[in-house]
Amino acid sequence: MILTDRLNEDGLELYFKYEHLDIETILRLLNNLHNLHNIIVSTTSPIYYNQRGKQAFRNILDLTEITTGQSVRIKISEKWKIELPFGLGKVEGAFPKKLGVPLIIAVFILVAARQSFEIYNGYLDSQLKELEIEVEKNELYQQMEERKRIEPEFRKATREATKTINFIIDNAEINYFELNGIRLKDNR
């Protein structure tokens, strides 16, 4: 299965190893991903309104799995959460399609990683090229590209991704890190 298939089917998978891990490290990493998600989704529309069912849905990153044991594996997928007014009874309606936000987050993080490493990394470049080809087909990314000259969100997303990867690289507690099987740090 190629990387883009894993991203489209499974979302993001972060895997890192550690000797000692402070809870603040996990919180900061998840908060950085949450911020990056919000920036990306805000470039289009974070709320989908179903006219037929008169329901609103919000795009979220859903934490689907965390496993630990001298390492942490975090799986995150894209979901839509229904926005319910208080006192509403039965809910029906069709959920909107996935926007491909995990794919876009991965591209932003991998671009930031490539820029953060001072040496040429052929494997990272080949994986990034594969993702860039796939992400160019993504409707949400096309909207971001069209608007990046006039919208500061594209630059914000780039800064947030750089902040995230630098946090991982510079964090002494994390001695190994993978994003969807792509090794980005190995200090073991």
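The values are calculated or read from the model by the stated rules, or taken from the named source; none is laboratory data. Since the model is a prediction, treat every value here as computed from it, not as a measurement. So basically every Cβ, Gly included, is an ideal-geometry build from the backbone, and we count neighbours across all protein chains shown.
At least 1 residues being at pLDDT 80 or above and in contact with a helix residue (DSSP H, G or I) (Cβ under 8 Å, 6 or more places away or on another chain) is the threshold, and among the strands (runs of 3 or more DSSP E) wholly inside region 1-101 those reaching it are 12-18, 55-68, 71-83. Being at pLDDT below 70 and surrounded by 17 or more Cβ atoms within 10 Å (Cβ to Cβ) is true of V135.
A residue that is surrounded by fewer than 17 Cβ atoms within 10 Å (Cβ to Cβ) and modelled with pLDDT under 65 can be found somewhere in region 102-119.
Scanning region 145-172 for residues that are surrounded by 13 or more Cβ atoms within 10 Å (Cβ to Cβ), more than 19 Å from L103 (Cα to Cα) and either at pLDDT below 85 or not aliphatic (A, V, I, L, M) (or both) returns E151, N166, F167, N171.
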